[in-house]
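Reading through the structure tokens given below for one structure.
The values are calculated or read from the model by the stated rules, or taken from the named source; none is laboratory data. Model, not experiment: these values are computed from the prediction. FYI the Cβ positions are ideal-geometry reconstructions off the backbone, even for glycines, and counts take in every protein chain you see. For accessibility, only protein heavy atoms count, side chains too; no ligands or nucleic acids. Shrake-Rupley method; radii C 1.70, N 1.55, O 1.52, S 1.80 Å.
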Number of protein chains: 2
Amino acid sequence: MGIDRYINRIGEWLNGSGENAGIVISSRIRLARNIKGIPFSIFASERDCNEVAKMACFAFSKSSYLANADIIDLRDINDLGRQFLMERHLISIEAAKGQNGLVAIGDKEMISVMVNEEDHLRLQIMGSGLGLLSLWRVISQIDDTLSRNLDYATSLNWGYLTACPTNVGTGMRASVYIHLPALTITNQINKVLKAVSQLGLAIRGIHGEGTESLGNLFQISNQITLGQTEDEIADNIERVTRQIISHEQTAQKNLLEKASKSIEDRIFRAYGILKYSRLISSKETLNLLSQVRLGVNMGYLMIPLSTLNELLIIIQPAHVQKIAGRILGPKARDEKRAEIIRQRLSQ
Amino acid sequence: MGIDRYINRIGEWLNGSGENAGIVISSRIRLARNIKGIPFSIFASERDCNEVAKMACFAFSKSSYLANADIIDLRDINDLGRQFLMERHLISIEAAKGQNGLVAIGDKEMISVMVNEEDHLRLQIMGSGLGLLSLWRVISQIDDTLSRNLDYATSLNWGYLTACPTNVGTGMRASVYIHLPALTITNQINKVLKAVSQLGLAIRGIHGEGTESLGNLFQISNQITLGQTEDEIADNIERVTRQIISHEQTAQKNLLEKASKSIEDRIFRAYGILKYSRLISSKETLNLLSQVRLGVNMGYLMIPLSTLNELLIIIQPAHVQKIAGRILGPKARDEKRAEIIRQRLSQ
């Protein structure tokens, strides 16, 4: 299968570089675009969809970022394959459920475009650490190039038109994927979550809206796509994120001062279990990886951030099965997951 | 202090040799003896006690096993020192609480004699693995030698007279110190405990009567000292112990067949925590060491039994403080304990 080439790779957005990469795993921008004169995907005929796909692929071929993209028709891969792409944040949960459409994946998984999802096009860019403004500059260029060959649906009053009114305007959703263990341990996280909401931002679990927070990982994103420029949206999230980072760092310092031995114990036990367990669920893994990441930030452990970031992705069910090379039941997955973790942590 | 020389040693009875040493940590025989014409310790004057001590020391000097014994006056050492000797099974809990008396410790801690405890003399021999009959042969020789210089209180009807009627007759208490994790995991342990009681034997926690069972460790000993020869007592316990060992081995085999992955996971997690924790209580340590010992028996881990046996002793509070070289509060002990364990397991 075409997607198997991704099994032993890691997206560049997980390489642990960039601003505050110990706390901010990654930044991501997604733009929703539709083509004038063609019904939104939900109302589109198969012919409409094919037309969109053809136009999109032609436009990609004219973009230096996407000309060599890997174009995958989601109808050509099975449930496991779609779940695998979703776990890598390359397609949405909706698309993983079996929708038609295709995805174009650029070099090192930094850029990807979903075609015929909720909107005709959803352009995405991901990068390591905190860096929405610089990501915006890149994706904006790509968007400009595509717009030369695609007649986007826009309105003078509303900006970019989108299938769901919550995206209209810039069509932009910007987010950071952030790890807040010390704020959680010191019971300050709810205060932070509330404050973030009051600033007009959403803070959610790891796979976006409606998903649970696991392993002290959160996604912070803009709620509003209209009435602000893309730069303002990106800048606002970056500023709020820097404040949260500063709170997290203060909480980590306080922990070190007031409970350093207990925290050290907690961190090393988590590391010991990850290094030795023979059966482990993804939920437990995320919680233990959270302690270990805190340990790396605090200087107790020396593990490359890229290893910790990669583990966040490859311990998910579809990845575990793809690495094993076969369909596995829950217990067999727990066994294979433990093996993958041991192997990665002993590298 | 004289007893500090024991800090970095390990008694020969912990060396992991002998029959079924994976399951039976050690065997022990204790003989209660009193000297004719001198009141039992509880009624004895200080002069009586001094007299007993003088006679005992003279008798020791005539025994090849005890001539070079280390003779420690319990009044010369502090609470921590007495607790340290108790943790090594060289003096009783009662003696550790601050009673007068002395203890003679033979080479490699195999033989020891308490003087002026409940009885004038309590001779003890300990050995690794299951081997009461052979221990009996050695201690019987020592007892014979001592009796040439000490006029033991005996009666034609009752045999050796002892301060407590439960010891009268042979004055012998024989015991094995046994590890039964699989019988515990498979919920068969209560059946075994009940059966052992019905055979006239006592089964108890690690420091004898009235102490709790921790880490799946039990002490099996005779209840009756009268009406059976010493050989019969030793042989009876050995036979019952062999039956229990066989049940434990069957339970281990069943675990391997029915739940090998879960058991393997449990064993390796315990090992991982012991290798990495920074704060650990003695109770948790005993429970984790139990899993690790099971892992060694099952072939999952390669750790010398002597290391596991030594850890059972040195993780106790007085040992932790003796190794640290100072008095430590509970949390500081948990920290030092974790350090000792990591150090021993990485050797």
Only one of A:251, A:234 is open to solvent by less than 10 Å² (accessible area, probe 1.4 Å), modelled with pLDDT of 90 or more and more than 22 Å from the chain's Cα centre (by Cα), namely A:251
query: In this structure, does residue B:184 turn out to be open to solvent by 20 Å² or more (accessible area, probe 1.4 Å) and farther than 27 Å from residue B:17 by Cβ?
result: no
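Run down B:292, B:320 and say which single residue is at pLDDT 95 or above and within 19 Å of the chain's Cα centre (by Cα).
B:320
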Of the candidates A:8, A:20, A:68, the one satisfying the condition of being open to solvent by 70 Å² or more (accessible area, probe 1.4 Å), under 19 Å from the mean Cα position of the chain (by Cα) and assigned by TED's automatic domain parsing to the domain that holds residue A:225 is A:8
Turns out the helices (runs of 4 or more DSSP H) fully within segment A:278-345 with at least 2 residues that are within 13 Å of residue A:22 (Cα to Cα) are A:282-298, A:305-314
Counting only residues that are away from chain B (no Cβ under 14 Å) and either over 27 Å from residue B:270 (Cβ atoms) or free of Cβ contacts under 8 Å to residues at least 24 places away in the same chain (or both), segment A:284-298 contains a total of 1
Can residue B:258 be described as more than 19 Å from residue A:261 (Cβ to Cβ), surrounded by fewer than 16 Cβ atoms within 10 Å (Cβ to Cβ), over 20 Å from the mean Cα position of the chain (by Cα) and within 14 Å of chain A (Cβ to nearest Cβ)?
-> yes
Here the residues within segment A:265-283 that are in contact with a helix residue (DSSP H, G or I) (Cβ under 8 Å, 6 or more places away or on another chain) and either over 19 Å from residue B:268 (Cα atoms) or more than 7 Å from chain B (Cβ to nearest Cβ) (or both) are A:266, A:267, A:270, A:274, A:280, A:281, A:282
Counting only residues in segment B:24-45 that are of a type in the set (Val, Ile, Thr) and open to solvent by less than 10 Å² (accessible area, probe 1.4 Å), the one nearest to residue B:315 (Cα to Cα) is identified as B:25
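Return yes when residue A:326 is surrounded by fewer than 19 Cβ atoms within 10 Å (Cβ to Cβ) and either within 14 Å of chain B (Cβ to nearest Cβ) or at negative phi (or both) and no when it is not.
Yes: the conditions hold for residue A:326.
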Exactly one of B:53, B:44, B:67 is farther than 30 Å from residue B:224 by Cβ and touching a helix residue (DSSP H, G or I) at 6+ places or on another chain (Cβ under 9 Å), and that residue is B:67
Given (1) within 26 Å of residue A:73 (Cβ to Cβ); (2) free of Cβ contacts under 8 Å to residues at least 60 places away in the same chain, residue A:148 misses just (2)
Output for Cβ contacts, cut-off 6 Å, separation at least six or different chains, first residue in the same structural domain as residue B:170 (by TED's automatic domain parsing) in segment B:229-241, second in a helix (DSSP H, G or I), reads B:230/B:136; B:234/B:132; B:234/B:133; B:234/B:136; B:237/B:132; B:238/B:132
Checking A:118, A:51 in turn, the sole residue that is under 25 Å from residue A:145 (Cα atoms), touching a residue at least 24 places away in the same chain (Cβ under 8 Å) and surrounded by fewer than 21 Cβ atoms within 10 Å (Cβ to Cβ) turns out to be A:118
Reported set for segment B:163-178 where residues are open to solvent by less than 20 Å² (accessible area, probe 1.4 Å) and either polar (S, T, N, Q) or farther than 30 Å from residue B:119 by Cβ (or both) is B:167, B:170, B:175
